Amino acid sequence: MSPSYPEAYFPILLQVGLAVLVAGGVLVTSHLLGRRVRNKTKDSPYECGITPVGDARGRFSVKFYLVAVLFILFDVEVVFLFPWAVVFRELGLFGFFSMLLYMALILAGFFFVWKKGVLDWAKRGR
Amino acid sequence: MLDTALFYIFAALTLGGGVLTITRRSAVHSAIWLITSLLGVAGLYLLQRAEFLAGVQVILYVGGIMVLFLFVIMLVNLDQAAKEKRFSGQKWIALACVAAVALQALWFVSKGAGRFTLGQPSIAGENLGNSEHVSRVLFSQYLLPFELASILLLVAIIGAVVMAKKRI
């Protein structure tokens with residue numbers, strides 16, 4: 001079917017190489033050709049914006065973290081859907097019900113998260 | 001020949017990224033180098049003809065877990081840690097541990113290499129991709145672990161909510 005293995009991935013290698021070349025090339029040429037003006041305003045993150053206040057490494061609400069954790073957990077769930085979809089026709093009804101059980105358990109977790117108001121950002125202190 | 005060259009490139013990427021991860025002072029830079037290391041591992045998977053695993057590595061580790069790491073960096077106050085001296089006190093213990101692991105690996109390579117067999121790449125014979133093989137085995141032989149994985153995920157979801165919420 002396919003040609004040899006490294007050959008099959010050559011387009012991806014080409015794309016990666018091109019991306020590195022373009023990104024690196026822009027950095028290098030701007031470093032070589034660009035004029036360097038350095039002062040306090042020029043070094044600020046947004047030269048023409050509001051003056052930054054405080055430190056960018058401030059602490060964030062734990063809600064962000066919770067969203068990230070839930071994202072990964074549901075991400076893992078979706079990853080298992082892919083091999084299922086690949087052989088779905090072979091598995092037939094049996095595969096359907098095994099996936100249904102799997103999804104039911106995950107969805108129980110989803111409803112738990114929903115009911116506990118974790119996804120509710122507007123209400124305070126629930 | 002090409003495979004060997006690619007292996008060394010990906011291995012260098014993985015190890016170099018790992019070393020840079022633990023030596024950078026800024027936590028965000030460490031996270032970026034960890035991405036390099038994880039991408040190298042994905043390349044190694046691809047060399048083993050494990051396309052599905054390589055895809056999962058990129059999607060879950062590079063895409064998901066790194067987001068989590070960056071959120072953790074945002075959440076905790078690292079100003080104090082950045083000023084402290086690193087690699088302090090435990091240098092000799094760490095060296096002893098590394099030496100022990102190196103000896104183990106050396107012994108394993110010299111003595112035990114013949115005792116275990118590497119799994120054969122799954123593309124041999126049939127005109128099937130790696131993903132099909134993974135799915136077939138997953139939904140026949142390993143169906144119970146697959147269903148148990150959903151319970152594990154459920155526990156993780158509940159655990160995350162319980163730990164992060166003040167009042168359930």
Margin query: List pairs: first residue in segment B:2-27 and in contact (Cβ under 8 Å) with a residue 12 or more places away in the chain and within 18 Å of A:Ala8 (Cβ to Cβ), second residue hydroxyl-bearing (Ser, Thr, Tyr) and assigned to a helix (DSSP H, G or I) anywhere in the structure, Cβ distance under 9 angstrom, at least six positions apart or on different chains.
Written below: B:Asp3/A:Tyr5
Next item on the list: Could you run through segment A:75-126 and say how many residues are assigned to a loop (DSSP other than H, G, I, E, B), more than 7 Å from every other protein chain (Cβ to nearest Cβ) and either out of contact with any Phe, Trp or Tyr (no Cβ under 9 Å at 6 or more places or on another chain) or surrounded by 13 or more Cβ atoms within 10 Å (Cβ to Cβ) (or both)?
Entry: 8
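Out of B:Ile123, B:Ile158, I need the residue that is over 23 Å from the mean Cα position of the chain (by Cα), at pLDDT 90 or above and not small (Gly, Ala, Ser). Which one?
Numbers: B:Ile123 fails: at pLDDT 90 or above.
Only one candidate passes the filter, namely B:Ile158.
The values are calculated or read from the model by the stated rules, or taken from the named source; none is laboratory data. Please read these numbers as outputs of a predicted model, since none were measured by experiment. Cβ sites come from the backbone with ideal geometry, for glycine too, and all protein chains shown count toward neighbours.
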